[in-house]
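Just dropping this structure here.
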Amino acid sequence: MALLGLVLAGQAETGSLAAGAKLAGVTTFCAGLAGPTCGRLLDRGELRGGLQRNCFLTCGLFATFALCVSLRVPIIILYALCVCLGYSFSGIWGGFRALLVVAVPPDHLRRAHFVESFMVEASWGIGPLVVTVLAALGGAVAALLGIAAVAFLAGISLIGVVQMRPRPRARTHILRHRNDVRVLVGLAFCIGLGFGTFESNVPQRMPQYGLSPNLGGLFLLLLAIGSMTGGTYVSLRPIQRRHTVRKASILFALFALLMLPSILAPSALAYGGCLLFASLMLVPINGLGTSELEARIGEKQRAEAFSCYQAATMIGVGLGAVLNGILVGPVGAWNIPYLSVGLFSMLAVGLAIAARHGGHRPGSPWTVEDPVTSPVSAGYSAASCE
């Protein structure tokens, strides 16, 4: 919802969609940049209360955004608000994932990460439709106020969640001292880069089929439906924590194979049908990554770890969009998705090699813990909750 709302706000303020895209880009970049820091701050305080403050801050910022747009304030003020929005966003995704440990029974925690990844994808499909309806009824101001209302309701909904006691101040940055976490965060960046490149390429493919780029939103909806379909399956049957690296390799290989038909589609109808399958592996891969991160990090730096994971994904998506803008002229829009296919294919091969040669070496970041003794299965001490 937020990114489309910001695009509409920029258009209402300046008459240019490009200005709106810049507002959304500044917000996304700042959210990725501030993610690890905001996650560390959430870890040092009571997590539920920190998340509520972030939600209410986001609500206030969007309400202020709506007021500024209605008053036609200088665009520089909107950019300043985008920086603040990036900060308020940055801890929300990681914080909610970290809070699952007190909101979900230990034996359902792994499934919860796949469900959470599915809900994120569902929001990316449904949110823009809600914003479109609100904008049609009351313009950009109504859309921004609707987003503010959603953020407020999210804060209110946290009242019923069990509190998580503050953890001792972390002395180390998790990415500096945890090789396994660095690997998972690196894979999250690659997922974001590959899928962001593919997704942002969809509107650029429209002229190839004699369509206006404005119709790209309908094809992006088909892409979202595909990811939600894959998410529904793994939410009902989550991937088990055995041979995780090998399974990740298979998922990346399938992702690359399912993207290929959309690149070669001869017509708009065929392209739309192929998009329904191109994103089937997105939620399974993301869910596998977050559930594996859950099983490795313990309880002291949870919000920081998940915020790093989300920040890496967002930065990858943003760079993928930039890559499209740079290469669309010299390479051609129809050739750019080969980069995503190539990236995921190389990851599939690399993970297959790691599973064969490094998966059982002591100290290796690819080593998988025994499912019986991992934190997911064993649960956490009741001392972490109030």
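Which distance in nm do the two modelled labels at Ile225 and Thr37 give, with both placed 7 Å along the Cα-to-Cβ direction?
With each label placed 7 Å out from Cα toward Cβ, I get 4.3 nm.
Please work out the Cα center distance from region 32-83 to region 92-140, rounded to the nearest Å.
With region 32-83 and region 92-140 each reduced to a Cα centre, they are spaced 18 Å.
At R0 = 35 Å, how high is the FRET efficiency between Tyr338 and Ala80 if r is their beta carbon distance? Nearest 0.05 is fine.
About 0.35, to the nearest 0.05.
Hey, another quick one. When Leu257, Leu282, Leu218 are ordered from fewest to most other Cβ atoms inside 10 Å of their Cβ, what list results?
Leu218, Leu257, Leu282
What is the distance, in nm, between label points placed 7 Å from the Cα along the Cα-to-Cβ direction at Leu215 and at Ile126?
Calculated label separation equals 2.8 nm.
Tell me the net charge near Leu81. Cut-off is 14 Å between Cβ atoms, Leu81 excluded, with +1 for each Lys or Arg and -1 for each Asp or Glu.
Result for the local shell: 0.
In addition: Among 185-195, 135-145, 56-66, how do they line up from the highest to the lowest mean number of other beta-carbon atoms within 10 Å?
Taking the mean over residues of other Cβ atoms within 10 Å, the ranking is 185-195, 56-66, 135-145.
Still on this structure, please answer the following. Quick one, what does Rg over Rh come out to for region 1-164 if you take C-alpha atoms and the Kirkwood Rh?
Ratio of gyration radius to Kirkwood radius for region 1-164: 0.99.
Mind ordering 315-328, 224-237 by average Cβ neighbours within 10 Å, highest first?
Output ranking for 315-328, 224-237: 224-237, 315-328.
What distance in nm separates the simple spin-label points at Leu153 and Arg242, each placed 7 Å from Cα in the Cβ direction?
Modelled inter-label distance: 4.2 nm.
In addition: Go through Gly5, Ala149, Tyr79 and say which Cα lies farthest out towards the positive end of the charge dipole of region 1-164; charges sit on Cβ, +1 for Lys and Arg, -1 for Asp and Glu.
Tyr79
Got a sec? Charge dipole of region 1-164, +1 on Cβ for Lys and Arg, -1 for Asp and Glu; which of Val120, Phe56, Gly20 is way out at the positive end?
Positive-end residue among those listed: Phe56.
Right, something else. How much length is gained on full extension from Val349 to Val104, taking 0.36 nm per residue of separation minus their Cα-Cα distance?
Here the answer is 84.7 nm.
Only the coordinates and a few stated rules stand behind these numbers; no lab work does. If you're wondering where the values come from, they're calculated on a predicted model, not measured in any experiment. Cβ sites come from the backbone with ideal geometry, for glycine too, and all protein chains shown count toward neighbours.
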